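The values are calculated or read from the model by the stated rules, or taken from the named source; none is laboratory data. Computed from a predicted structure; not experimentally measured. Glycine gets a Cβ as well: all are built from the backbone with ideal geometry, and neighbour counts include every protein chain shown. Heads up: the accessible areas ignore ligands, DNA and RNA and are worked out on the full protein's heavy atoms, side chains in. Shrake-Rupley method; radii C 1.70, N 1.55, O 1.52, S 1.80 Å.
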Amino acid sequence: MGRILIVDDTMFMRTLLKNILFSGGHDIVGEAADGAEAVARYQELKPDLVTMDVVMPKVNGIEALKAIKAADPSAKVIMCTAVGQEQMVKLAVKSGARGYIVKPFQAPKVLEEVKNVLSA
Amino acid sequence: MKSVPVKVEHEGRWVATTMGIGEDRFRIDAPLNREIPYKSVVDLEEKKNQIVVTAGANGETVCRIASVEKVLTVLKKFIITQASAYRLNAFFMSPAIRGGVLIQDAKWEKGAIAVMKTGIWFVSQENQVCIPLEDVAGIELTSREIQEKDLNVVKIDHLTENEVVTSFVLCPMTTLQVLYNFLKEATHDSEVHEEIDPLTGQVAMLVYSGMDSSAIENMLKLSHKDLDAIYERLLEMGLAEVLYVRKEVQLTAKGVRYISDSVKSPIA
């Protein structure tokens with residue numbers, strides 16, 4: 001089970017992900033509502049995994065991913081975005097994302113993906 | 001015509017018989033004694049290890065056939081490629097997204113698509129995928145980056161064993177438009193026209209994600225009664241169905257006595 005940082009600008013999605021990940025036995029070590037906060041929280045908490053929304057105010061998810069990977073190349077980040085923004089996948093993968101979740105998502109598949117990335 | 005053992009439904013029960021699979025037709029031996037040209041087939045459905053073949057202009061011949069996967073695969077391929085259906089050559093990717101998780105090693109497969117009465121079939125050298133129309137949850141004409149080019153694709157969201165799966169179809173734009181229009185028309189009944197308030201929408205999203213009633217009540221700070229009222233709205237609009245009815249109970253005098261007694265001598 002992993003220590004996870006959840007990054008999303010909407011409280012609703014953060015709470016949903018928190019519930020799903022908690023039900024899978026994971027420890028939610030922190031939350032962030034934008035990319036800049038995500039980078040700061042990552043440095044502070046050193047989580048095993050980050051779930052990162054792509055579209056966020058201030059610093060977006062891709063920029064935050066790049067900053068986290070620059071500071072810690074072994075960081076495990078799963079990107080999370082809305083339907084219709086799958087085009088971001090290539091960019092995210094190129095920037096070092098380990099997985100990609102498209103909203104809306106189903107709990108069992110999210111847990112499976114988190115497990116795969118954590119054990120990789 | 002090579003004969004293979006199969007089971008067919010006859011007069012309400014399954015009977016063992018043999019079936020011949022030819023280049024342009026298949027034959028089912030006694031007790032059915034039927035020969036069906038593939039081109040007369042108007043529908044093909046798949047249910048686990050059986051298929052349902054409907055043939056004839058008015059769908060007057062219906063054969064339910066059960067057999068090993070290998071036999072059904074050969075039969076399905078002949079039917080899909082020759083049946084009376086709208087057929088097009090296309091590339092498809094199915095599944096591309098499963099339960100919201102992008103399948104990173106999903107590949108485009110070159111093959112054909114047959115649009116039948118109750119479903120769409122994708123068939124390639126290696127795969128046969130059926131999407132029943134009643135399981136289609138969304139259709140979109142969109143673009144996707146393929147080999148560094150933005151190309152038009154039809155995106156189909158569909159249910160497979162309670163999982164939401166997304167598949168993509170790629171073919172020339174004119175054909176794509178025909179496919180999109182057909183699917184839109186065929187699934188018109190499942191389009192949502194009602195106004196849905198934000199709270200009901202959030203509850204629907206949580207149900208989609210697999211949250212149970214207690215988790216939803218906690219997350220949205222709703223009472224049991226409020227959540228029931230929202231469920232009622234979802235049911236009325238046909239957006240949800242009852243999975244099971246949860247019971248809330250209180251103890252009877254007998255139950256209270258049991259608890260009181262158990263405190264005196266702890267429950268084993």
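Quick one: is B:I196 modelled with pLDDT of 95 or more, surrounded by 13 or more Cβ atoms within 10 Å (Cβ to Cβ) and among the aliphatic types (A, V, I, L, M)? When the stated conditions are applied, B:I196 does not pass them. Here is a check on your reading of the model: is A:Y100 modelled with pLDDT under 95 and in contact with a helix residue (DSSP H, G or I) (Cβ under 6 Å, 6 or more places away or on another chain)? It is true that A:Y100 is modelled with pLDDT under 95 and in contact with a helix residue (DSSP H, G or I) (Cβ under 6 Å, 6 or more places away or on another chain). Hey, does the stretch A:14-27 have a residue that's touching a Phe, Trp or Tyr at 6+ places or on another chain (Cβ under 7 Å) and either within 26 Å of B:V207 (Cβ to Cβ) or surrounded by 21 or more Cβ atoms within 10 Å (Cβ to Cβ) (or both)? No, the conditions are met nowhere in the stretch A:14-27. Residue count for the stretch A:100-120, restricted to those that are under 13 Å from B:Q104 (Cα atoms) and more than 7 Å from chain B (Cβ to nearest Cβ): 2. Between A:D8, A:D27, the distinction of being among the charged types (D, E, K, R) and over 20 Å from A:S119 (Cα atoms) belongs to A:D8 only.
Take the stretch B:21-45 and flag every residue that is assigned to a helix (DSSP H, G or I), of a type in the set (S, T, N, Q) and within 20 Å of B:K2 (Cα to Cα). Within the stretch B:21-45, no residue meets the criteria.
Residue pairs whose Cβ atoms lie under 6 Å apart, sitting 6 or more positions apart in sequence or on different chains, and linking a residue in the stretch B:153-170 that is at pLDDT below 95 to a partner that is open to solvent by 10 Å² or more (accessible area, probe 1.4 Å) and not in a strand (DSSP E or B), are B:V154/B:Y180; B:H158/B:D135; B:L159/B:D135. Would you say B:E163 is among the acidic types (D, E), touching a Gly at 6+ places or on another chain (Cβ under 7 Å) and within 14 Å of chain A (Cβ to nearest Cβ)? Yes, satisfied. The single condition from (1) among the charged types (D, E, K, R); (2) modelled with pLDDT of 95 or more; (3) in contact with a Lys or Arg (Cβ under 8 Å, 6 or more places away or on another chain) that A:E86 fails is (2). No other residue among B:A240, B:A215 is within 14 Å of another protein chain (Cβ to nearest Cβ) and surrounded by 11 or more Cβ atoms within 10 Å (Cβ to Cβ) apart from B:A215.
Looking across the stretch B:171-212, the residues that are within 27 Å of B:T118 (Cβ to Cβ) and within 14 Å of chain A (Cβ to nearest Cβ) come down to B:A204, B:V207, B:Y208.
For A:L5, state whether it is in contact (Cβ under 8 Å) with a residue 24 or more places away in the chain, aliphatic (A, V, I, L, M) and within 11 Å of chain B (Cβ to nearest Cβ). So A:L5 does not fit the description; no. Of everything in the stretch B:80-106 that is in contact (Cβ under 8 Å) with a residue 60 or more places away in the chain and of a type in the set (S, T, Y), the residue that is nearest to A:A82 (Cα to Cα) is B:S94. Condition check: of a type outside the set (S, T, N, Q), more than 11 Å from chain A (Cβ to nearest Cβ) and open to solvent by 70 Å² or more (accessible area, probe 1.4 Å). Does B:K221 satisfy that? So B:K221 does not fit the description; no.
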